[in-house]
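Read the structure below first, then the notes.
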Amino acid sequence: MEIIMFIAAPAAGKGSHAKLLSKKYNLPHISTGDILREISKEDSEIGAYVHETLASGKLVKDDITYKLIEKRIGEMDCKNGFIIDGFPRNYEQALKFDEILNKKNVKLSHVFVLDVDKEILEKRIIGRRTCEDCGRVYNLNNPLERPKQESTCDYCGGHLFQRSDDNIKSFEERYKMYLIKTAPIIEYYEKQGVVTHVDGNHKLEDSFKAIDDIISKDSDISDNNKK
Ligand code: AMP
């Protein structure tokens with residue numbers, strides 16, 4: 001059972017790395033941000049609450065995230081492991097995650113912390129565009145990640161959109177939330193001996209290689225999941 005977690009500030013590359021690993025090792029990618037973005041489209045009280053909270057850059061209430069994460073981890077495709085990005089985001093959520101893993105009698109394999117400078121995060125936030133059809137992520141501020149046409153996906157031709165929380169005002173709040181609530185849980189995992197810090201300031205391929213070098217040595221993953 002391989003359970004891989006990413007902890008990092010907004011736009012550090014958690015989702016991009018998780019997607020690459022998910023493809024390479026055939027493990028589901030669980031992103032609480034993605035699940036919440038879907039809920040935010042619902043025409044309901046909870047949909048409206050989540051929509052407003054996401055746009056503000058604040059954290060969604062714990063009881064909502066607990067329900068969605070327990071349900072998702074309980075699904076069949078998670079039986080050989082999963083990659084989790086965006087949860088836990090505070091100490092209470094870290095305790096909840098332990099409780100879920102203990103109930104299943106499984107252990108966290110790795111926590112990758114992506115270290116990225118704030119100025120680089122700001123640039124990525126402003127330039128980030130996502131394809132509404134295939135989910136591919138581009139960046140207008142990076143020549144290596146820019147689409148050929150500003151609002152069209154190179155791969156599927158889908159429309160590229162900017163997330164409602166990808167603006168400087170929301171970013172400042174999300175970054176503050178990260179420093180105050182999320183970064184302190186790194187120490188909690190360091191005590192468990194599962195943390196690897198990765199420099200995420202440079203090319204995605206470079207940090208991906210550093211991460212993959214560690215994961216590919218795991219016996220659990222090499223037998224069951226390598227394609
Ligand atoms: P992300 O896609 O991970 O950047 O998350 C986008 C937004 O979703 C965050 O700014 C929060 O508002 C919300 N969110 C995602 N994961 C959580 C979580 N574990 N707890 C509370 N809010 C979350």
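Bear in mind these aren't lab numbers, they're just calculated from the coordinates by the rules spelled out. A quick note: this is a predicted structure, and the numbers were derived from the prediction, not measured. Please note: Cβ atoms are built from the backbone with ideal geometry, for glycine as well, and neighbour counts cover all protein chains shown.
Assorted remarks:
- Label-point gap, in nm, between LYS67 and SER216 - each point 7 angstrom along Cα→Cβ: 4.3
- Calculated mean residue ellipticity, 222 nm, the chain: -13500 deg cm²/dmol, from DSSP H runs (n ≥ 4) at -39500 (n - 2.57) each, averaged per residue and rounded to 500.
- When the Cα positions of SER44, VAL111, PRO147 are compared along the charge dipole of the chain, PRO147 comes out farthest toward the positive end, with charges on each C-beta of Lys, Arg, Asp and Glu.
- Listed peptides 151-161, 111-121 appear in the order 111-121, 151-161 once ranked by packing, highest mean of other Cβ atoms within 10 Å at the front.
- Protection proxy ranking, highest mean first, for peptides 84-92, 64-72: 84-92, 64-72, where packing is the per-residue count of other beta-carbon atoms within 10 Å, averaged.
- Separation in nanometres of the label points that stand 7 Å from Cα toward Cβ, at LEU95 and ILE126: 4.1
- Computed magnitude of the charge dipole of the stretch 10-168 (debye, nearest 20; Cβ of K, R +1, Cβ of D, E -1): 540
- Prolate/oblate/rounded call for the stretch 26-109, Cα gyration tensor, a/c under 1.5 rounded: prolate
- Potential extension, GLN162-TYR188 segment - 0.36 nm per residue separation minus Cα distance: 6.0 nm
- For the chain, a Kirkwood hydrodynamic radius built from all Cα pairs, placed in the Stokes-Einstein relation at 4 °C and 1.567 mPa s, yields a translational diffusion coefficient of 71 µm²/s.
- Computed from the Cβ-Cβ distance with R0 of 22 Å, the FRET efficiency linking CYS134 to ASN26 stands at 0.75.
- Hits among aspartates and glutamates - C-alpha to C-alpha of LYS19 under 14 Å, sequence gap 8 or more where chains match: ASP34, ASP85, GLU205, ASP212
- A dipole drawn for the chain from +1 and -1 charges on Cβ atoms has a positive end, and of SER164, SER31, ILE221 the residue lying farthest that way is ILE221.
- Candidates LEU54, GLY81, TYR91 compared by Cα position along the dipole of the stretch 1-117: farthest toward the positive end lies GLY81, with charges placed on Cβ.
- Between SER56 and ASP34, the C-beta separation translates, for a Förster distance of 25 Å, into a calculated FRET efficiency of about 0.85.
- The HN-Hα couplings worked out from phi for the stretch 204-216 by the Karplus form 6.51 cos²θ - 1.76 cosθ + 1.60 (θ = phi - 60°) are 4, 4, 5, 6, 5, 4, 4, 6, 5, 4, 6, 5, 5 Hz, whole numbers, x standing for Gly and Pro.
- Long-range amide H partners of GLU2 with built H, under 5 Å: GLY81, PHE82
- Using θ = phi - 60° and Karplus 6.51 cos²θ - 1.76 cosθ + 1.60, couplings along the stretch 155-167 (whole Hz; Gly, Pro as x): 8, 10, x, x, 7, 8, 10, 9, 4, 5, 9, 8, 9
- For ASN141, the residues whose amide H sits under 5 Å from its own are GLY127, ignoring neighbours fewer than 5 places away on the same chain, with H placed 1.01 Å from N.
- Full extension of the segment from THR152 to GLU173, taken as 0.36 nm per residue of separation minus the current Cα-Cα distance, would add 4.6 nm.
- Counted residue by residue at 0.36 nm each, then reduced by the alpha carbon distance between them, the extension gain from GLU119 to ILE46 reaches 22.9 nm.
- Summing Cβ point charges (Lys, Arg +1; Asp, Glu -1) relative to the Cα centre of the stretch 89-175 gives a dipole of roughly 240 debye.
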